[in-house]
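Okay, so here's the structure we're looking at.
The values are calculated or read from the model by the stated rules, or taken from the named source; none is laboratory data. None of the values given here were measured: they were computed from a predicted structure. So basically every Cβ, Gly included, is an ideal-geometry build from the backbone, and we count neighbours across all protein chains shown.
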Amino acid sequence: MAMAAALMLVGGWPLAEPAHASDWIAIGQSSDKSLTTFVDAASLRVTGSSVRFFAKSIVSTPATKNHKKETRHKQTPTAYSILEETVDCQGRTLTLLQWLNYGRQGQVLSSGHDPYPIPETVIPDSMGEATLNIVCGATQN
């Protein structure tokens with residue numbers, strides 16, 4: 001079992017560093033409570049003003065009232081996603097590098113990476129800004 005863990009792949013590539021236990025820190029929840037985002041504090045890697053890290057987004061489907069009876073929205077097939085991202089603390093940008101989307105039974109639904117990732121400006125009062133603030137704040141000396 002330990003050997004299997006040592007051979008784990010991330011995004012199709014072997015881990016360059018020894019495997020580590022995740023340390024998921026809650027970043028926040030969308031206003032409709034359909035998405036909760038976490039950052040793996042154990043994955044933070046600083047290079048200059050940039051920080052590379054893993055994030056997890058958990059998808060939920062809130063209940064709604066329909067004809068005095070509680071029902072559920074049609075469930076999305078994705079239960080959660082693991083993302084590898086880079087944030088530029090000085091430039092205030094966020095870049096998605098790769099992702100894995102998992103189903104409700106833990107199966108991989110889709111994965112991918114961007115061979116030419118483009119930094120996106122962080123929008124004020126967004127989950128991206130909350131992520132930038134937590135990640136950059138955690139890595140300041």
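Remarks
- The requirement of being surrounded by fewer than 16 Cβ atoms within 10 Å (Cβ to Cβ), at pLDDT below 95, of a type outside the set (Gly, Ala, Ser) and in a strand (DSSP E or B) is fulfilled somewhere in the range 75-90, by at least one residue.
- The range 1-24 - residue that is loosely packed, with under 14 Cβ neighbours inside 10 Å and either among the aromatic types (Phe, Trp, Tyr) or assigned to a strand (DSSP E or B) (or both) and, of those, modelled with the lowest pLDDT: Leu9
- Checking each residue of the range 47-57 against the condition of being in contact with a strand residue (DSSP E or B) (Cβ under 9 Å, 6 or more places away or on another chain), surrounded by fewer than 18 Cβ atoms within 10 Å (Cβ to Cβ), modelled with pLDDT under 90 and basic (Lys, Arg) gives no match.
- In the range 39-53, the residues that are free of Cβ contacts under 8 Å to residues at least 12 places away in the same chain form Cβ pairs under 8 Å with partners that are buried (at least 16 other Cβ atoms within 10 Å of the Cβ) and outside any loop (DSSP other than H, G, I, E, B), at six or more places apart or across chains, as follows: Arg45/Val51; Arg45/Arg52; Arg45/Phe53.
- Pick from the range 91-125, criterion part of a strand (DSSP E or B) and aliphatic (A, V, I, L, M), ranking: farthest from Ser43 (Cα to Cα): Leu109
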